[in-house]
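Here is the structure we will look at, set down as structure tokens.
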Amino acid sequence: MKEIERHFRTSDLGVKPTYYERRICNYPSEIDLLRESLERGDLEAVMGARGLSLPRGMGGISPAPGEIGLDGPIAYGDKEVVVTQLLSEPCLEYLALFIEGMEKFPFHLEYFDGKKIYGAVAYLNENETMRTHAQQQGLFVIRATDDSISIINDEEFVPRVFPSTKPVLS
């Protein structure tokens, strides 16, 4: 009973919910809101401004045991695909894992075989090193703003096209 009373006293003081409490009570985190923005059509809109026609979208690909997952939203059209990785904390290690996963992307979905496949990273917190490295790797860099998203690559940026067919095994 004393624990319940202590809980109500701390709750009345306006203490922010912990990560665990947010997950249990379904409070959306900032990264969840970014994912929702990308899935609701913002990704297609900003990529459309760069000349990519991506009218359809889907959620990410869960990893098989021992594999790297591509859990960010995927936007696709008849000729192009953009796979997005969400980074709450920009980190070069996570970026390297994403690029490794992009190299194996055609193994996951044969539907995208033969299409131009591009990678994008979307993040909340600014990190100049990560942004520069992502651009050098040929990835679109998407930054969350107040109520939408924007691509921060300059207009002359040429994105890397990842392998779109499975290698032939002999």
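Examine the range 98-120 for a residue that is among the small types (Gly, Ala, Ser), closer than 17 Å to GLY77 by Cα and within 16 Å of the chain's Cα centre (by Cα), and state whether such a residue exists. Let's see the steps before the verdict.
From the range 98-120, those among the small types (Gly, Ala, Ser) are 101, 114, 119-120; that's our starting set.
Pick out the ones that are also closer than 17 Å to GLY77 by Cα and you get 114, 119-120.
Adding the requirement that they be within 16 Å of the chain's Cα centre (by Cα) leaves 119-120.
Yes, the range 98-120 has at least one match.
With the condition kept exactly as written, say whether any residue in the range 131-150 is of a type in the set (D, E, K, R) and over 20 Å from ARG35 (Cβ atoms).
no
Inside the range 155-164, can you point out the residues that are surrounded by 13 or more Cβ atoms within 10 Å (Cβ to Cβ) and either at pLDDT below 90 or charged (D, E, K, R) (or both)?
ARG160, PHE162, PRO163, SER164
Any idea how many residues of the range 58-85 are at pLDDT 85 or above and either of a type in the set (Gly, Ala, Ser) or within 15 Å of the chain's Cα centre (by Cα) (or both)?
10
The values are calculated or read from the model by the stated rules, or taken from the named source; none is laboratory data. Computed from a predicted model, the values in this text were never measured in an experiment. Note that we place each Cβ from the backbone using ideal geometry, even for glycine, and neighbour counts take in every protein chain shown.
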